[in-house]
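Derivation of every value follows stated rules applied to the coordinates shown; laboratory data play no part. Remember, predicted model here, so these are calculated numbers, not experimental data. Neighbour counts are summed over all protein chains in view; Cβ atoms, including those assigned to glycine, are modelled from backbone coordinates with ideal geometry.
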Amino acid sequence: MIASGGPATPTELSADLGITRQGASKHLASLVEAGILDAERSGREVRYALVRGGLQPGSEWLTQVGDQWDRRLDSLKRHVRR
Amino acid sequence: MEEMTREVELDCDPERAWEALTEESELSEWLGGEVEADLKPGGGITVREEDGTEKSGFFESIEEEREITFWWSAEDEESTRVELELLPSVEGDGCVVRVTESRPLIALETELAEIASSGPGNGPVARAASFACV
């Protein structure tokens, strides 16, 4: 919903999703912690919006690709050793 | 845009390192199982692993004895960009290889999806589009 409708408050989201406002807030907080959502205070409200690229498993990719290159560069080092 | 960088210190001179970065038989010893590389801009690169997986792509640029850049992807996956740089060693008589792999296409795809669903945002694609509409 945030992806299609733009930034939203917990009240708006909980109304649409049929969950309690507290439930929505808890869920939103864990998405902020995971780096998927940004929280922006606007007056007395907090609005949640997607972090650009945040839906991609970025840290997963970084770890996986980092490990692959660690192995390759280790092989390279051993291969050229004098 | 996501990118990762790694560096390794090599115990060999830069000429030897450049060989290891550019010759098929050498690349097959460290980059992956079996490597085919047509080392020129637009030339193809294929890396076949023992388990049967394969990545393929093309070279973007080659700067003799300094840098190689190529794009590659596994089947049905996003293309990512790899930059391999050959650098002098800070101390000693070896050299350093630095690799940077990035995923520029993912950021673009996300931005396009946002524009399609919720109207112009603030990214470079949206700004360019707004100039086109004036």
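Couple of notes before you dig in:
- Under 5 Å from the amide H of B:GLU60 lie the amide H atoms of B:GLY42, B:THR69, B:PHE70, B:TRP71, each residue being 5 or more positions distant or on a separate chain, with H modelled from the backbone and absent for Pro and chain starts.
- Among B:GLY33, B:GLY94, B:GLY52, residue whose mean-square fluctuation peaks in a GNM of chain B (springs only between Cα atoms under 10 Å): B:GLY52
- Coupling constants for the stretch A:65-75 follow from the phi torsions by the Karplus curve (6.51 cos²θ - 1.76 cosθ + 1.60, θ = phi - 60°), and in residue order they are 5, x, 4, 4, 5, 4, 5, 4, 5, 5, 4 Hz; glycine and proline get x.
- Spin-label pair A:ASP70/B:THR53, simplified geometry with 7 Å Cα→Cβ offset, distance in nm: 1.6 nm
- Using a Gaussian network model of chain B in which every pair of alpha carbons under 10 angstrom is joined by a spring, one finds that among B:ALA17, B:ALA116, B:ALA37 the greatest mean-square fluctuation is at B:ALA116.
- The phi torsions of the stretch B:47-63, fed into the Karplus equation with coefficients 6.51, -1.76 and 1.60 and a -60° offset, translate into couplings of 10, 9, 8, 4, 7, x, 6, 9, 10, 9, x, 8, 7, 8, 7, 9, 10 Hz, rounded to whole numbers, with Gly and Pro shown as x.
- Shape summary of the stretch B:1-122, radius of gyration then Dmax from alpha carbon positions: 16.9, 56 Å.
- Calculated [θ] (222 nm, deg cm²/dmol) that DSSP helices of n ≥ 4 give over chain B, each run adding -39,500 (n - 2.57): -9000 deg cm²/dmol
- Gain on full extension, evaluated as 0.36 nm per residue between B:ALA116 and B:SER89 minus their Cα-Cα distance, stands at 4.9 nm.
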